[in-house]
Structure formats: C-alpha cells, structure tokens
1. If a residue has to be β-branched (Val, Ile, Thr) and either touching a Gly at 6+ places or on another chain (Cβ under 7 Å) or closer than 30 Å to ALA46 by Cα (or both) to count, how many in region 64-112 make the cut?
2. Being part of a helix (DSSP H, G or I) and touching a residue at least 12 places away in the same chain (Cβ under 8 Å) is the filter here, so list the residues in region 128-150 that pass it.
3. Between ALA46, ALA75, which is aliphatic (A, V, I, L, M) and buried (at least 18 other Cβ atoms within 10 Å of the Cβ)?
4. Could you list all residues from region 109-123 that are surrounded by 11 or more Cβ atoms within 10 Å (Cβ to Cβ) and of a type outside the set (Lys, Arg)?
Amino acid sequence: MKRLALLLAVVLPAAALAASAGPGAKPTSSGPGDDELQKLKAEIAAAKLDRTLSVTRDQARALLPTLKEAQQLRAQIRAERDRRRPEIIRALTGVRDDLLKTGVVSEAGRKALQEARGEAILKQTRGKLRALHLKVRDQLTPEQRQRLRDFSPRPLEPKPEEEIDLEGSEPPGRRGHGKGPGLKRIFKIATSPEFLSLLEARAR
C-alpha cells in the first residue's frame with residue numbers, strides 16, 4: 001500500500017502536468033467570459049483589501065516600492081516555472097519509471113527532478129519574497145494586521161454558519177489563523193495590478 005501511495009503521488013501530478021503542456025491541452029480559460037469573471041473577482045478582492053487596510057498616504061508611498069518588487073519576483077517565479085515545464089515533465093517521467101521498475105526513486109532520478117525544478121534558484125527567489133512579505137507586514141499598524149484576520153476576498157460576506165474554511169485552502173479550526181484566506185493569499189491580492197492601482201491613488 002505504501003508503494004502504491006508513493007506511485008500515485010508521483011504519477012498523478014506528472015500526468016496532470018503533461019496534459020496541461022501537451023499539444024491537445026485545453027487552455028485554462030474556456031472563453032472571454034471566464035477572463036471577465038476573473039478580472040471582476042480580482043477587482044472586488046482588491047477593493048475589499050483596500051478598504052480593509054485603509055492605508056494613509058505615507059503608508060501607501062512606503063508600501064508601493066515593496067509591493068511592486070514583490071510583484072516582479074512573483075512574475076519571475078511563474079516565468080521560471082513555465083520555462084522549466086518540459087524539463088520537469090521529463091524528470092517526473094523518469095521518477096515514474098523508476099517506481100514502476102523498482103519501487104524506489106533512483107538517486108539519478110531524484111537529482112534530475114531537483115535540477116529540473118531549479119530548486120536552488122527558486123529557493124533564493126522565494127527567500128527574497130518572504131523578506132518582502134515581512135517588510136510589508138511591519139509597515140502595517142497592529143490594528144490593520146488585526147483587520148486582516150477577518151478579511152475575505154469574496155464578493156459577499158458569508159453568513160455565520162458559512163464561516164468555516166472560506167477558501168477551501170486551509171483546514172478549519174487552525175488556531176491563530178483567523179477566518180480569512182491566510183496571509184499568502186492576501187499578499188497575492190496585494191501584489192495584483194488591481195490593488196496596486198488603488199494604492200497608487202492613495203499615494204497621490
């Protein structure tokens with residue numbers, strides 16, 4: 001059973017990645033309507049975050065360079081991941097073949113996957129991103145950080161009975177994490193073009 005679980009853990013992500021990169025892969029968006037929907041959701045989330053924080057002009061001017069730098073780093077991570085996709089597919093295929101033949105991943109297969117993912121480069125970039133994350137947090141007041149705990153990017157506020165696992169990204173009942181989507185999701189909204197345009201307006 002352990003061998004089967006390990007095999008599935010490797011094969012299923014590999015198959016999904018290969019399907020998304022294959023010649024017959026479907027685009028993530030099925031039409032203009034989906035793009036419009038995502039844009040509206042992003043604008044709503046940005047507007048709600050802007051109102052939740054209600055930063056001062058001085059705060060906005062201090063936050064803008066940090067968030068724009070973070071936005072660039074996030075774009076670099078996405079571009080690097082997309083660039084390495086063919087290498088990752090090849091490496092994952094080798095890992096799958098190792099498991100099918102011997103039940104274990106060979107040292108060569110492990111090394112190939114690590115190199116294909118560019119783990120050393122990504123680790124360094126993510127470290128810079130975490131540092132910017134902390135810098136942004138330190139530029140907020142305790143009251144603003146507290147309000148973020150109850151922040152929801154959803155268009156409508158949930159009813160009390162619906163306040164469990166709002167985004168489906170974290171298990172309910174985690175202590176110290178509030179009811180919101182988590183700081184990582186909030187940081188993603190804060191580095192979006194929609195939020196940055198609102199922040200620029202506050203900085204004027």
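1. Residues flagged as β-branched (Val, Ile, Thr) and either touching a Gly at 6+ places or on another chain (Cβ under 7 Å) or closer than 30 Å to ALA46 by Cα (or both) within region 64-112 amount to 3.
2. Correct list: LYS128, LEU129, LEU132, HIS133, LYS135, VAL136, ARG137, GLN144, ARG147, LEU148.
3. The match here is ALA46.
4. GLY109, ALA112, LEU113, GLN114, GLU115, ALA116, GLY118, GLU119, ILE121, LEU122 - these are the residues of region 109-123 that are surrounded by 11 or more Cβ atoms within 10 Å (Cβ to Cβ) and of a type outside the set (Lys, Arg).
Read-outs: derived from the displayed coordinates by stated rules, not from any lab. Model, not experiment: these values are computed from the prediction. All Cβ positions, glycine included, derive from the backbone under ideal geometry; neighbour counts span all protein chains shown.
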